[in-house]
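To start, the structure itself, in structure tokens.
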Amino acid sequence: MLVLLGALALFLSYPPFPLPILSFFAIMPAVLLVRRAVSDADPRSAFRWGWWYGIATNALVLYWMIVALWHFTPFSALGYLATIAIIGLLTGVMFWFVVRIRLAAPGVPLWVVFPVAWTALEWLIGHLGDASFPWLGLGTSLADAPVLVQWADLAGARGVTLWVAWCNVAIVEAATGVRGARYAVRGYAIVLLTVLLAVGYGAWRMKTLPLRDVGRIGMIQPNEGFDEKGDPARADTVVGKLIGQTRQLLTHAPRPALIIWPEAAIPPFLWSQPRWQAQIAELARESRMPIFTGLVWAEPGWRSIQDPYYNAALLIDTTGDWRRSPVYAKHYLVPVTERVPFVPVSVFRAIPGIRRWSGGFTPGRDLPVYQTAIGRFGVIICYESAFEDLPRKYRARGADFLVNITNDAWFGRTTAPRQHASHLVLRAIETRMGVARAANSGISEFVDPLGRAYDLTKLDTDTIVDGVLRTSDVVPLYVRLGDWVGTLVVVLTVIGVALLVKRRFRP
């Protein structure tokens, strides 16, 4: 019952459900399972229940993976099961570790060990190389309550995760303690005090953070179906629709200073299509508006599937020239669908049967900052919004705002599109940059440096967005220090592991 209750509570704490208060109770079932294993002095049962808890919670939160992967392979259920099984295994190890530390060092309270271990697990899932998948950290569950997470400009989303996990443990300790009512009241009061401090800081920051208008930005949402985008017979139609929707913006007064097309908006390959180049160049020159677009890219001269190709983006300037600006190639590729984890791309491309079911993109390395008349910006593609390091690096390199291009059509009508968009609330607050998000099928939106989304579009509609993006010139402490909370919890976890190893081999 605790496993099932925990899965449901964690699922409901994330968008699209507007229940941020639930975040402070969502992982209590996990805390109770660990407490039971500690009282029984049974680390093995902790691992077993952690395994089932990890599987159940992620099976519910990530149910949309079956829908998304179905577009690539009929074996979508296997990819889904493998994902939740791996995360379940890691969760089981985390439970086991917490119980072992509590038994080995009873003086270290659960309200220290559990939040540190939970946050370290979240860090680990985001640092597994090709298999990294930091989707929806616990701190992101508060994306619907920006006032509570304004202090992410100090400690990042990881700091928010550590705090929320601590609140869950502290409430359980207060409610189940045997020291009397006074101890319980004190425990609740301390939790309430931290919430009031978060609200106070958030209210102060939302009132005092200086914002400025970047300028007008137009975003195209063509709503191309998943199968339609990949159909070579419809390539001219896809490009024609983008140009037609962009021309609608020419009638607006004032005109946007920048146009953004979504992820992979232009089919392969722009340099091999003189007619597309001429049409897009004419549009840029006529409108005097630069166009930033996602596209599938390979270097000119690309001959076969054996050569590198990229999920990329580039800037077409007001003269229609796309060769002057660098090409950004996506750094973090979606496991399996864009790249088979830990398998060299050259090996993968040599197996035609696998190519039909998985992606063979090459990850990018460069991190260009694009210069326009309204300021400098960096780009993240698709689920790179779940990674905190790229926006932070862009801000440190002088970016004024952030552009996120994505194609969420493969999610269907699941909870995933809203979960996906929620990551940008934390990225905007962490860097104090405004974000323009252009999505093929929605949700397209602007997010200001306070994490407030506006001008949101509906899912599965073709539309255009024309609005003013707001940003800030404040470079927060989190950008200067980096993910110091992540580093801290990893160091503490390593110390805990060293303690267990030392006790294991003690004569």
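The values are calculated or read from the model by the stated rules, or taken from the named source; none is laboratory data. Given the structure is predicted, the values throughout are model-derived calculations rather than measurements. Neighbour counts are summed over all protein chains in view; Cβ atoms, including those assigned to glycine, are modelled from backbone coordinates with ideal geometry. When the accessible area is computed, the model is the full protein with side chains, heavy atoms only, and any ligands, DNA or RNA have been set aside. Shrake-Rupley method; radii C 1.70, N 1.55, O 1.52, S 1.80 Å.
Overview of values
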{"item": "Whichever residue in segment 491-507 is open to solvent by 40 Å² or more (accessible area, probe 1.4 Å) and either of a type in the set (S, T, Y) or in contact (Cβ under 8 Å) with a residue 12 or more places away in the chain (or both) and, among such residues, is farthest from L258 (Cα to Cα)", "result": "R503"}
{"item": "Selected residue [in a loop (DSSP other than H, G, I, E, B), touching a Leu at 6+ places or on another chain (Cβ under 8 Å) and open to solvent by 10 Å² or more (accessible area, probe 1.4 Å)] from R255, R303", "result": "R255"}
{"item": "Residue within segment 460-479 that is at pLDDT 95 or above, on the phi > 0 side of the Ramachandran plot and among the acidic types (D, E) present", "result": "no"}
{"item": "In segment 14-50, the residues that are open to solvent by 20 Å² or more (accessible area, probe 1.4 Å), over 17 Å from L4 (Cβ atoms) and not in a loop (DSSP other than H, G, I, E, B)", "result": "P20, I21, R35, V38, S39, P43, R44, F47"}
{"item": "Test for R392: is it open to solvent by 10 Å² or more (accessible area, probe 1.4 Å) and closer than 30 Å to E228 by Cα", "result": "no"}
{"item": "Test: V185 is open to solvent by 10 Å² or more (accessible area, probe 1.4 Å) and modelled with pLDDT of 95 or more", "result": "no"}
{"item": "Scope segment 440-475; condition open to solvent by less than 10 Å² (accessible area, probe 1.4 Å), touching a helix residue (DSSP H, G or I) at 6+ places or on another chain (Cβ under 8 Å), touching a residue at least 40 places away in the same chain (Cβ under 8 Å) and not polar (S, T, N, Q); matching residues", "result": "G442, D448, P449, L450, G451"}
{"item": "Selected residue [closer than 25 Å to I443 by Cα and in contact with a helix residue (DSSP H, G or I) (Cβ under 6 Å, 6 or more places away or on another chain)] from D236, D144", "result": "D144"}
{"item": "Out of G54, G50, sole residue that is at pLDDT 95 or above and closer than 18 Å to L136 by Cβ", "result": "G54"}
{"item": "Out of V178, V169, sole residue that is of a type in the set (V, I, T) and either part of a helix (DSSP H, G or I) or at pLDDT 95 or above (or both)", "result": "V169"}
{"item": "Checklist (1) surrounded by fewer than 24 Cβ atoms within 10 Å (Cβ to Cβ); (2) in contact with a helix residue (DSSP H, G or I) (Cβ under 9 Å, 6 or more places away or on another chain); (3) within 20 Å of L314 (Cα to Cα) applied to G398, failing item", "result": "(2)"}
{"item": "Hey, W64 open to solvent by 30 Å² or more (accessible area, probe 1.4 Å), touching a helix residue (DSSP H, G or I) at 6+ places or on another chain (Cβ under 6 Å), farther than 20 Å from A104 by Cα and at pLDDT below 95 or not", "result": "no"}
{"item": "Tally, over segment 251-279, of residues that are at pLDDT below 95 and among the β-branched types (V, I, T)", "result": "2"}
{"item": "So A170, is it buried (at least 17 other Cβ atoms within 10 Å of the Cβ), in contact with a Leu (Cβ under 6 Å, 6 or more places away or on another chain) and more than 22 Å from S385 (Cβ to Cβ)", "result": "no"}
{"item": "Residues of segment 190-235 satisfying the condition of being in contact with a Pro (Cβ under 9 Å, 6 or more places away or on another chain), open to solvent by 50 Å² or more (accessible area, probe 1.4 Å), part of a helix (DSSP H, G or I) and more than 25 Å from L450 (Cβ to Cβ)", "result": "P232, R234"}
{"item": "Single residue of segment 415-439 satisfying the filter (of a type in the set (V, I, T) and open to solvent by 10 Å² or more (accessible area, probe 1.4 Å)) that is nearest to G294 (Cα to Cα)", "result": "V425"}
{"item": "Members of segment 186-225 found to be without any contact (Cβ under 8 Å) to a residue 24 or more places away in the chain, basic (K, R) and farther than 26 Å from D153 by Cβ, listed by number", "result": "R186"}
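Here is a yes/no grid of residues against (1) touching a Phe, Trp or Tyr at 6+ places or on another chain (Cβ under 9 Å); (2) among the basic types (K, R); (3) closer than 21 Å to A170 by Cα:
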residue: L19; (1), (2), (3): no, no, yes
residue: S39; (1), (2), (3): no, no, yes
residue: W64; (1), (2), (3): yes, no, no
residue: M94; (1), (2), (3): yes, no, yes
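Residue-wise test of (1) open to solvent by 20 Å² or more (accessible area, probe 1.4 Å); (2) part of a loop (DSSP other than H, G, I, E, B); (3) under 20 Å from T57 (Cα atoms).
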position: R102; (1), (2), (3): yes, no, no
position: V108; (1), (2), (3): yes, yes, no
position: T119; (1), (2), (3): no, no, yes
position: W123; (1), (2), (3): yes, no, yes
position: H127; (1), (2), (3): yes, yes, no
position: F133; (1), (2), (3): yes, yes, yes
position: V147; (1), (2), (3): yes, no, no
